[in-house]
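Taking it in order: structure first as structure tokens, then the write-up.
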Ligand SMILES: [Zn+2]
Ligand SMILES: [Zn+2]
């Protein structure tokens, strides 16, 4: 039997006997399986009732981008951007026409070109992402990928941003990939 355990912001799969009980890392409290699943559900959810969709966690970008792209090349694979320093908050710049985006870590200032963006950056006129609701410029960034049906190559990608202050979700840029092999772009978000 395997259960998902929430440990300090990371999800871990752990195998153990059916008699094992689960301890939450934050409180040290013993909780039942139902309680744990409720806790996990609360970590990730999208509120669609307002003008903008609002996600409670960075990982909500996956569901958002899948919904956003559902009328076209649907995003079926998702990767959340994570700086080498461990931060998930970035300044995001992109040129949607050129198909290029760069993120800059708000903690350590490391710059990173998203996927194949570096090849197209020199011709770009990038805009800087800003939250439509609270005007923050710090975002969680994630990329949704639409793959070809008969290969692992990427047809299209979507650069999503979630305001790290108020949670508003959006797609800031997207572009055609359409070449192969391109599956390594999944590791360059
Ligand atoms: Zn960093
Ligand atoms: Zn905001």
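The values are calculated or read from the model by the stated rules, or taken from the named source; none is laboratory data. The structure displayed is predicted, hence computed values, not measured ones. With ideal geometry, Cβ positions are generated from the backbone for all residues, glycine too; neighbour counts draw on all protein chains shown.
Structure notes:
- Filter result for residue 87 (away from ligand 2 (no atom under 16 Å from the Cβ) and either closer than 19 Å to residue 174 by Cβ or loosely packed, with under 15 Cβ neighbours inside 10 Å (or both)): no
- Inter-residue pairs, beta-carbon under 6 Å, first farther than 21 Å from residue 145 by Cα and in the stretch 91-115, second within 9 Å of ligand 1 (Cβ to nearest atom) and part of a loop (DSSP other than H, G, I, E, B), 6+ apart: 105/83; 105/87; 106/89; 107/85; 107/87; 108/85; 110/83
- Test: residue in the stretch 123-131 that is over 19 Å from residue 61 (Cβ atoms) and modelled with pLDDT under 95: yes
- Counted residues, the stretch 99-127 - those being assigned to a strand (DSSP E or B) and within 17 Å of residue 143 (Cα to Cα): 9
- Taking each residue of the stretch 157-169 that is on the phi > 0 side of the Ramachandran plot and looking for partners that are away from ligand 1 (no atom under 16 Å from the Cβ) with beta-carbon atoms closer than 7 Å, six or more apart or interchain, yields 167/54; 167/55; 167/56.
- Selection within the stretch 66-84: residues that are assigned to a loop (DSSP other than H, G, I, E, B) and away from ligand 1 (no atom under 14 Å from the Cβ). The member of this set that is nearest to residue 170 (Cα to Cα) is 69.
- All positions within the stretch 64-81 that are surrounded by fewer than 19 Cβ atoms within 10 Å (Cβ to Cβ) and more than 9 Å from the chain's Cα centre (by Cα): 66, 67, 70, 71, 72, 74, 76, 77
- So residue 168, is it under 20 Å from residue 88 (Cα atoms), assigned by TED's automatic domain parsing to the domain that holds residue 71, crowded, with 19+ Cβ neighbours inside 10 Å and within 16 Å of ligand 1 (Cβ to nearest atom): no
- Check on residue 57, part of a strand (DSSP E or B), modelled with pLDDT of 95 or more and more than 16 Å from ligand 1 (Cβ to nearest atom): no
- Picking from residues in the stretch 130-151 that are buried (at least 21 other Cβ atoms within 10 Å of the Cβ) and within 16 Å of residue 83 (Cβ to Cβ), the one that is farthest from ligand 2 (Cβ to nearest atom) is 143.
- Within the option set 178, 174, being crowded, with 17+ Cβ neighbours inside 10 Å and in contact with a strand residue (DSSP E or B) (Cβ under 8 Å, 6 or more places away or on another chain) holds for one residue only, 174.
- Hits in the stretch 128-139 (condition: assigned to a strand (DSSP E or B) and away from ligand 1 (no atom under 16 Å from the Cβ)): 128
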